[in-house]
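These notes are about the structure you will find just below.
The values are calculated or read from the model by the stated rules, or taken from the named source; none is laboratory data. As the structure is a computational prediction, the values presented were derived from the model and not from experiment. All Cβ positions, even for glycine, are placed from backbone atoms using ideal geometry, and neighbour counts span all protein chains on display. For the accessible areas, the whole protein counts, side chains as well, though only heavy atoms, and no ligand, DNA or RNA atoms are used. Shrake-Rupley method; radii C 1.70, N 1.55, O 1.52, S 1.80 Å.
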Amino acid sequence: MALRFFNTYSRQLEDFEPRDLTSRKVGIYTCGPTVYSRAHIGNFRAYIFEDLLQRHLELRNYQVHRVMNITDVDDKTIRGAREAKIPLSEFTAQFKEAFFEDLEALRIKRANEFPAATEQRYVDRMIEMIATLVSRGLAYQAEDKSVYFRINKFPDYGKLAHFDLTQLRSTGRVKNDEYDKEHVGDFALWKAWDEEDGDVGWPSPWGRGRPGWHIECSAMATALLGDQVDIHCGGVDNIFPHHEAEIAQTEGCTGKRFVCYWMHCAHLQVEGQKMSKSLGNFYTIPDVLQKGYAGREIRYALMRVNYRMPLNFTWEGMEEARESLKRIDDWLERLHKTAAMTTDQGKDMQPGEQFEEALDDDLNISAALGSLFESIRETNRAMDRNELNARSAKAWIEWWHRVNSVLRVQKEEEALPPEIGALVEARNVARLAKDWQISDELRRELSSRGWDVRDTKDGQIITKRPGA
């Protein structure tokens, strides 16, 4: 099956063909965080979808160049810095650091570049693009000294969102401001400086000011990926006006189709409700980690539903994620034992390609996980009957490595702290001496320190309890 993705622009599933078929290079631009606060689990649902996309493309032997922007100047970041009474760069630095910590916790692959909107080379490019739009009559400076894009001069404006401009005028969906723009939907490319901006601003041909949010992404995307991008991702809330504006201003500058495939992630709810601080259901990654869940469990919970379907985050769902990963852990343990057998008797069972083929179909993660757990059931049954030979077990382990290169949920071996290792060794000595009382006391001591012990014919297996 050919790779195919749902393109928001056409509202259809389309076979995927990168612009550079020979080298199989794929340029991806993903909308990153606005660093006025710590990103929440809804944000990371989108970032995990984008990570899954990149990893699957790489599994299929594409060379991915991914750029994720960081918005470190806008109304919210400036307001936050002003309220904290610290420079903008100092205010946003803490949330940039937190963002990268959370990426690490969720095993999200880092993009090739994380351009920040305040970097001078990108500000220069924004000014250059705005000047081009003004010279072509696609933008103008209004009475407030800000520069706006003329949406009426771009015939395709609204096609990504399938939006009728007459509706925009009649409903006032885009907030009008106090100054007289030519059209209620004209969006800001350059915002003139005002007192609330404080020391935030850059010189430009239109006076001191700062870039609008939309032009930031156009400038960074084209600076790093070129005039055309294979795939552009984001949340469904970015479709209008942000991505619609990106298309208009970028194509207005280049005269070329900006993006080949637009892919958008649906919203996340919490316990069936919109996530909101006022409802007490607003969670960051540290919030979930502090409840005793591991990063891989959060990753699985946020990944297991197709990106185009709304995801309902629940604590019951987190427990289900934990159980699912335990099934995988136990299965891998059995496979490794079977693979280590000296005899090679039993059935020859080889993995298929159902997992990869499911992801080929618009990242159908539900079907992919279904095929994974069906494979676990079949191979477990074979091992129960001693019918899976060592050669097959090794093949399944190799297959899992491919699967996990996309899922990234395998349990990572953790070295025992010295004091825990000493207790485990002491218990081993007690068991060899058949001193069951000491053995049980040591088990309880290990348990009180957050470690569970399971006795098997091959010896003790010790695991750290989640959240311990």
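Odds and ends about this structure:
- DSSP-defined beta bridges in region 1-71 - what % are antiparallel, rounded to 5: 40
- Computed E for Arg454/Asp237 - FRET, C-beta separation, R0 45 angstrom, nearest 0.05: 0.45
- Placing R0 at 30 angstrom, the Cβ-Cβ distance between Leu416 and Asp287 gives a FRET efficiency of 0.55 after rounding to 0.05.
- Full extension of the chain between Ile397 and Lys337 gives 20.5 nm of extra length, using 0.36 nm per residue less the Cα-Cα distance.
- The aspartates and glutamates within cross-link reach of Lys109, meaning a Cα-to-Cα straight distance under 17 Å and a gap of 8 or more places when in the same chain, are Glu50, Asp51, Glu58, Glu97, Glu101, Glu297, Glu412.
- Fully extended contour minus Cα-Cα distance, from Arg121 to Asp344, at 0.36 nm per residue: 74.1 nm
- Label point at Lys159 placed 7 Å out along Cα→Cβ; residues across region 1-30 whose backbone nitrogen lies under 11 Å: 9-10
- A 1.4 Å probe run over region 279-407, with the rest of the protein chains in place, finds 45 Å² accessible per residue.
- Calculated FRET value between Thr254 and Glu316, using beta carbons and R₀ = 51 Å, to 0.05: 0.55
- Per residue accessible area in Å² of region 1-86, where ligands, DNA and RNA are left out and the probe is 1.4 Å: 41
- Paramagnetic reach from Ser135 (point 7 Å along Cα→Cβ, amide N under 16 Å) across region 198-213: 205-206
- Three-way shape call for region 376-421 based on the alpha-carbon gyration tensor, with the a/c threshold at 1.5: oblate
- Total lysine pairs in region 314-468 at Cα distances under 17 Å, for residues eight or more apart or on different chains: 10.
- Counted over the chain, the DSSP beta bridges are approximately 50% antiparallel.
- Each Lys and Arg Cβ is given +1 and each Asp and Glu Cβ -1; about its Cα centre, the chain then shows a dipole of about 660 debye.
- Separation between Cα centres of region 110-171 and region 373-421, rounded to whole Å: 51
- The share of accessible area on region 371-434 that comes from carbon and sulfur is 50 percent, using a 1.4 angstrom probe.
- Selected from Leu138, Leu160, Met68, residue furthest toward positive end of dipole (region 44-197; charges at beta carbon): Leu160
- Fully extending the segment from Lys145 to Phe373, taken as 0.36 nm per residue of separation minus the present Cα-Cα distance, adds 76.1 nm.
- Element breakdown for region 291-332 at a 1.4 angstrom probe: carbon and sulfur atoms account for 51% of the accessible area.
- Solvent-accessible area assigned to carbon and sulfur over region 1-151 amounts to 44 percent, based on a 1.4 Å probe.
- Dipole of region 315-356 [Lys/Arg +1, Asp/Glu -1 at C-beta], most positive-end residue of Met349, Thr338, Met318: Thr338
- Nitroxide proxy distance, nm - points 7 Å out along Cα→Cβ at Asp227 and Lys464: 5.3
- Label sites at Met309 and Glu17, each approximated as a point 7 angstrom past Cα along Cα to Cβ, lie 3.1 nm apart.
- Solvent-accessible area per residue, Å², over region 88-247 with all protein chains present [probe radius 1.4 Å]: 45
- For region 58-81, no residue has its backbone nitrogen under 13 Å from a point 7 Å from the Cα of Gln354, taken along Cα to Cβ.
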